[in-house]
Amino acid sequence: MWPFKLFLFVHVTTGAVGLVLFWIPVLGKKGAAAHRTYGKAFSYLMMLTASMAFGMGICTILNPVATHPDLTRPASWIQGIFGWMMLYLAILTVSLVWHGLVTVRNKKQHLLNRRWPNVALNVLVMLAALYCAYRGWLIHEVLMMGIAVVGVASGLTNLYFIYTDAPAKIVYQLEHVKAAVGAGISVYTAFMAFGFVRFMPANALNPKMWSIPLVVGLAIIIYHQARIRLAQRRLAMTGATRA
């Protein structure tokens, strides 16, 4: 049990800090020093948090009863929710964080986005999502099947961007916002799913609780993408006026 407890301790510690840091780049001035500093700190913390979640998921799959002695559900259910779904969410989080970083880093060299680790990570997310849905189908857990849609959509849209020839500059900003906020949605969703088992067991798998991070996150993405498009439109109009 000691590896699981170690993974859990690091996961909770880094995850709690990351969930707070998430709001600094989201609410702060975009492109400012604080945005870059805290954005990178959030990204690296989320990668570490997701890595610990991956380890917890493996431990749960190997020994579901010992890792979750407080649950009275069947072992197959514990493996599905706290094993396979946790592995999938961990991979999804890493994928979103990484995509958010490289879209900024490679905006002047788009072909670098087509390196095999970037492509493989998005393919892996879709495979993990489909397997999560399959395991959910086996235990009749609709939430596992529903949340798998996010991973498939994320992988497909990321790959579409990667293989688009010479995207416009604004597209890099839009992708960055989508991926960075998407990582926040993933982590907050995981908190609602797994954290509530200990704090509010009755609401752990309540769809209403799961929908909160998704609704808030989508609102943030829509707002910031609209702001970026509006700024681009104003810039274009100013340039046309001067010409």
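Which one of Leu230, Leu174, Leu71 has the biggest mean-square fluctuation once the chain is modelled by GNM with Cα springs under 10 Å?
The residue that fluctuates most here is Leu230.
Per-residue ellipticity at 222 nm for the chain, helices alone: DSSP H runs ≥ 4 residues times -39500 (n - 2.57), over residue total, nearest 500 deg cm²/dmol?
Values: 11 runs with 191 residues, N = 243.
Here the helix-only value at 222 nm equals -26500 deg cm²/dmol.
Placing unit charges on C-beta atoms (Lys and Arg positive, Asp and Glu negative, everything else neutral), compute the dipole magnitude of the chain about its Cα centre in debye, rounded to 20. Can you show the working numbers first?
Working: 21 positive and 4 negative charges, 236 e Å.
For this selection, approximately 1140 debye.
Rounded to the nearest 0.05, what FRET efficiency do Lys30 and Trp137 give with R0 = 35 Å and r taken as the Cβ-Cβ distance? Could you check?
Efficiency for this residue pair is about 0.25.
Could you state the angle between the C-alpha long axis of helix 2-21 and the longest principal axis of the C-alpha atoms of the chain, as a value from 0 to 90 degrees rounded to the nearest 10?
In the chain, helix 2-21 runs at an angle near 30 degrees to the longest axis.
Could you tell me how many degrees, from 0 to 90 and to the nearest 10, lie between the Cα long axis of helix 169-190 and the main elongation axis, the longest principal axis, of the Cα atoms of the chain?
Taking the Cα atoms of the chain, the angle to 169-190 is about 20 degrees.
Only sites in a loop by DSSP and with at most 13 other Cβ atoms within 10 Å count here; which trypsin sites (Lys or Arg not before Pro) in the stretch 1-60 make the cut? Kindly include the intermediate steps, with their values, before the conclusion.
Values: sites: Lys5, Lys29, Lys30, Arg36, Lys40; in loops: Lys29, Lys30.
Of the trypsin sites (Lys or Arg not before Pro), the ones in loops of the stretch 1-60 whose Cβ has at most 13 other Cβ atoms within 10 Å are Lys29.
Order by neighbour count: Arg234, Arg73, fewest other Cβ atoms within 10 Å first, most last.
Arg234, Arg73
Against the longest principal axis of the chain, how steep is helix 85-105, in degrees 0 to 90 to the nearest 10, with axes from Cα atoms?
Tilt relative to the chain: about 20 degrees.
Between Gln109, Met144, Asn63, whose Cα lies farthest towards the positive end of the dipole of the stretch 2-242 when Lys and Arg beta carbons carry +1 and Asp and Glu beta carbons carry -1, centred on the Cα centre?
Going by the Cα projections, it comes out as Gln109.
Using DSSP to call loops (not H, G, I, E or B), can you name the trypsin sites (Lys or Arg not before Pro) in the stretch 64-149 whose Cβ has at most 10 other Cβ atoms within 10 angstrom?
Lys108
Computed from the coordinates by the stated procedures, all read-outs in this text should not be read as laboratory data. Since we're looking at a predicted model, the values are computed, not measured. Every residue, glycine among them, receives a Cβ derived from its backbone with ideal geometry; neighbour counts consider all protein chains shown.
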